[in-house]
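Undergrad: One structure, as structure tokens, below. Some questions next.
Each value in this text was obtained by applying a stated rule to the coordinates, not by laboratory testing. Bear in mind the structure is a predicted one, so any value in this text is a computation, not a measurement. Ideal geometry is used to build each Cβ from the backbone, glycine not excepted, and the neighbour counts take in all protein chains shown.
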Amino acid sequence: MAEYNANVGDNHRIFMIDFERAPVSPTVPVAERRHPHKSCPDIDTLGYMDDAHADEHGPVISARVGGGNVRVVLARTEISNSAQIYAVSADPSVARVVWPNRGLLSHFRKCIISISPQAAGRTSIDIRYLWPDGPVIGRLYVVVRDTQTVRVRVHMVTVNGNGQGASFLGRTAVGVETPAQHLTNRVTEIIRDANHVLEPHGILLSVSETVNTAWINASFPPAGDAYLRCMQAMAQSPNRSAARINLYLVNGAVVPFALGFVALGPPIAWAIAIGARWPNAPGGNVGNGIIVDTSAAPFTGPILAHEFAHVFSLSRIITVGANVGAVLQWHTPGDQAGAGGNTHGTSSRDDIITRRRLMYPYTTLSGSNNAWRTDVGYGNNMGSMIIHRQVTQDITLDESQRAYDFTGTAANIYAP
């Protein structure tokens, strides 16, 4: 194979290399040695066009300042193993290549590149041929963000005095764990695993406190849709914080009606728009927060991250005009048209990228007759990709920046 034999001109370039999500390092504790992991985030390869960055044509990843190094795999797809190529940061003050040493890549078909986020900004890792300042034969764009901390109050909920079951958030006690240790450890694990999804995008969940919260049958309206009954219970709950996202952990087996969901994360604007506020007036308690059926299994960090992403407005909420609060896309097959005649929600794409996205839940994969359509690279579990690209024709994209900007305003995610 020729080392470098491609014509470059008229703004057209042939990329002779590609990038893949890296395996988790063997230095990571075994319990966390799986995807998703913050050290090897998903690479956004959803086409190479971006309306927000029209001059960028290549894959994108992100990292958090202070969040540790991130790893990617470089693959030599159209260039020989013997070719000498380098990974060089276009701006080392934003992101620095720390491996390989001096940026000189190995002569294997695939090799690891380790990148250290230095300061908030946007840059690229340029793959250069023959010399560190040689011609660019490929680029990986890197977004680095400062930390946006999202405060969480965890509620260990009892219903009529009945608490959690032996299986809690998808697992039972192991080894010498006491029941109390089991609950504490599992909450720590599930928040950690949700952060593996969100942290590369600059968003860090932080549990401020864990409280014991008592509900009774009267906490729920006597009739109505399960989600509205739960929203009222959350809104009027004891120990509710107006300066935290309230995470209610409830054993679904002891709730006086069938929940019909594993977890529910209503966004504030949507809750207000549908009248889920008690009393339903400015200043009333809003039926937002996240409620989780702790008896459901499996339960994973990406499932929880998916619900937080709803709270972060990744369900694309209308923010101005007559339809404020309406949701354009819940990110599930069969979505109906949005308010104001919007038709984006009438169908959901089903392709190789769609099935890896965090906002397309695992249930969309159920019933597939093809194993490759179900296993999207996360051990037969739901995907965790949060999309960077902004494309006018698809309102569900630009998730990473939208979530980061949204969580920067406290009133968007915290409510009385």
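Undergrad: Do the sum for the chain: with -39,500 (n - 2.57) for every DSSP H run of n ≥ 4, divided by all residues, what is the mean residue ellipticity at 222 nm, to the nearest 500 deg cm²/dmol?
TA: -4500 deg cm²/dmol, from helical runs alone.
Undergrad: Points 7 angstrom from Cα along the Cβ direction at Glu209 and Asp405: gap in nanometres?
TA: So the label points at Glu209 and Asp405 sit 3.4 nm apart.
Undergrad: Follow-up. Among rounded, prolate and oblate, which fits the chain when a ≥ b ≥ c are the square roots of the eigenvalues of its C-alpha gyration tensor, a/c under 1.5 means rounded, and a/b larger than b/c means prolate?
TA: Prolate is the answer for the chain, as a/c is 1.5 or above and a/b outweighs b/c.
Undergrad: Between Thr392 and Trp278, what is the label-point separation in nm under the 7 Å Cα-to-beta-carbon projection?
TA: 4.6 nm
Undergrad: Would you kindly state the longest site-free stretch of the chain, with sites defined as trypsin sites (Lys or Arg not before Pro) in a DSSP loop (not H, G, I, E, B) surrounded by at most 13 other Cβ atoms within 10 Å?
TA: Formally, the longest exposed-site-free interval is 110-348.
Undergrad: With θ set to phi - 60°, apply the Karplus curve 6.51 cos²θ - 1.76 cosθ + 1.60 along segment 84-93 and write out the HN-Hα couplings as whole Hz, x wherever there is a Gly or Pro.
TA: Listing the rounded values in order: 8, 10, 10, 9, 10, 6, 5, 8, x, 6 Hz.
Undergrad: In nm, what is the difference between 0.36 nm times the number of residues separating Gln181 and Ala166 and their Cα-Cα distance?
TA: So the chain would gain 4.2 nm between Gln181 and Ala166.
Undergrad: Can you tell me what share of the DSSP beta bridges in segment 17-145 is antiparallel? A percent to the nearest 5 is fine.
TA: Here the antiparallel bridges make up roughly 85 percent for segment 17-145.
Undergrad: GNM on the chain, C-alpha springs below 10 Å: top fluctuator among Ser39, Ser62, Ser206?
TA: Of Ser39, Ser62, Ser206, the Gaussian network model singles out Ser206 as fluctuating most.
Undergrad: In addition: What distance in nm lies between label points placed 7 Å from Cα along the C-beta direction at Ala218 and Val136?
TA: Those two pseudo-labels are separated by 6.7 nm.
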